[in-house]
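This report refers to the structure that appears directly beneath it.
The values are calculated or read from the model by the stated rules, or taken from the named source; none is laboratory data. Note that this is a predicted model, so its numbers are computed, not measured. Every residue, glycine as well, gets a Cβ built from its backbone with ideal geometry; the counts of neighbours run over all protein chains shown.
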Amino acid sequence: MIPILFAMPGNEAFAMHLDRAISCEVGQMEMRRFPDGETYVRILSPVHGRDVIFVCTLDRPDEKVMSLYLAARTACELGARRIGLIAPYLAYMRQDARFKEGEGITSAHFASFLSDFCDWLVTVDPHLHRHNKLNEIYSIPTKVVHAAPAIGDWIAEHVEQPVIIGPDAESEQWASKVAQSVGCPCVILDKTRRGDREVEVSDLDASAWKGGTPVLVDDITSTAQTMIAAVRKLKEAGLPSPICITVHPVFAGTAYHDLSVAGVEKIVSCNTIVHPTNQIDVAEPIAVAAVELMHILPINS
Ligand code: R5P
């Protein structure tokens, strides 16, 4: 039987893109809140003996994970043979160390929570920094899709003479892959983060700049303070307003507005989180990764 795919609330449009590439049935589910705020879940499509895939991007995760957990557990209870999770954005990856005494390494706790009720996971460019691979914290099979080729295609089509700029050392892994795929230069800046919204970025040596279009590339834009600090440095160096590209447009609070008025040419994102800046579609490589994982995994007895 072909897999059945359920879109968690807010993921319907993305699931439609996947559905074309995965060759699966789109499942029906009723999900709402009881008057007391608890979650009501009813799976209306037959899942017995089938591969069940939930699509749930995990920005603002605390609002979403209980419904996801209950839906997955319900599918299991109704006889699903495997539960897969497509989470284009994977949450909690940045708390990957105990930065201050008393903190938890919540990336690991979140990983063990998801691993407990999912059989596999596909995501896009998770924030791997102090953890090198997802399987250091996830106990289920995972596949990581890289957005760099799709970002590279977008840049090649829309930007004249791009120069890719990564705002911090962590961004090198994404920025350099994008630059490689476009075949253009790449510059990596240094960042110091002093707090959630306090970010400083190193000066930029613009002496070697030969009139290219600066394109800032980062994996996550949350408060946008990293991007804004980098935009400021480009301005100070006398460079043109940059195009800002983010894989995951989290944009917390007023971040999108704050970045929009910081002196940028354009803001573009991948569709891992629904946002007006979505211009780069990563559904197809996600679908390919999910199909590959389902083929290689053993069937649970
Ligand atoms: C962290 O190093 C990431 O790669 C991003 O640079 C960071 O998450 C951006 O966060 P914000 O938008 O809050 O500055």
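For region 202-226, what are the residues that are within 16 Å of V163 (Cβ to Cβ) and outside any loop (DSSP other than H, G, I, E, B)? Correct list: T213, P214, V215, L216, V217, D218. Which residue out of D119, D36 is at pLDDT 95 or above and crowded, with 17+ Cβ neighbours inside 10 Å? Going through D119, D36 in turn, the sole match is D119.
In region 213-224, the residues that are among the aromatic types (F, W, Y) form no Cβ pair under 6 Å with any partner that is within 6 Å of the ligand (Cβ to nearest atom), whether six or more places apart or across chains. Every condition in (1) at pLDDT below 95; (2) charged (D, E, K, R); (3) part of a helix (DSSP H, G or I) holds for R130 except the one numbered (3).
The residue list L85, L78, L70 contains one member that is surrounded by 14 or more Cβ atoms within 10 Å (Cβ to Cβ), in the same structural domain as R130 (by TED's automatic domain parsing), closer than 30 Å to Q279 by Cβ and among the aliphatic types (A, V, I, L, M), which is L85.
For region 174-204, the candidate set comprises residues that are within 20 Å of the chain's Cα centre (by Cα) and at pLDDT 90 or above; within that set, the residue that is farthest from the ligand (Cβ to nearest atom) is S181. Just one of the listed residues (I164, I151, I220) is within 16 Å of the ligand (Cβ to nearest atom), in contact with a His (Cβ under 6 Å, 6 or more places away or on another chain) and closer than 20 Å to S269 by Cα, namely I220. Look through region 233-258, keep the residues that are in a helix (DSSP H, G or I) and within 19 Å of the chain's Cα centre (by Cα), and return whichever of them is nearest to the ligand (Cβ to nearest atom). Applying the filter and picking the extreme gives A255. Out of all the residues in region 133-173, which are modelled with pLDDT under 95 and assigned to a helix (DSSP H, G or I)? Scanning region 133-173 gives A169, E170, S171, E172, Q173.
Applying the criterion of being under 11 Å from V282 (Cβ atoms) and not acidic (D, E) to the residues of region 123-148, the residue that is farthest from the ligand (Cβ to nearest atom) is V145.
Out of region 138-162, which residues are more than 16 Å from the chain's Cα centre (by Cα) and closer than 24 Å to D51 by Cα? Y138, S139, I140, P141, listed by residue number.
The residues of region 233-284 that are out of contact with any Phe, Trp or Tyr (no Cβ under 9 Å at 6 or more places or on another chain), surrounded by fewer than 24 Cβ atoms within 10 Å (Cβ to Cβ) and among the β-branched types (V, I, T), listed by number, are I243, T254, V261, V264, V282. For H48, the requirement of being touching a helix residue (DSSP H, G or I) at 6+ places or on another chain (Cβ under 7 Å) and either surrounded by 20 or more Cβ atoms within 10 Å (Cβ to Cβ) or outside any strand (DSSP E or B) (or both) is not met.
I need the full set of residues from region 19-53 which are in contact (Cβ under 8 Å) with a residue 60 or more places away in the chain, under 23 Å from the mean Cα position of the chain (by Cα) and under 19 Å from D119 (Cα atoms), in order please. Those that are in contact (Cβ under 8 Å) with a residue 60 or more places away in the chain, under 23 Å from the mean Cα position of the chain (by Cα) and under 19 Å from D119 (Cα atoms): I22, I53.
If you go through region 182-201 and keep only what is within 11 Å of A230 (Cβ to Cβ) and assigned to a loop (DSSP other than H, G, I, E, B), you end up with L189, D190. Scanning region 268-296 for residues that are farther than 19 Å from D51 by Cβ and touching a Gly at 6+ places or on another chain (Cβ under 8 Å) yields a total of 1.
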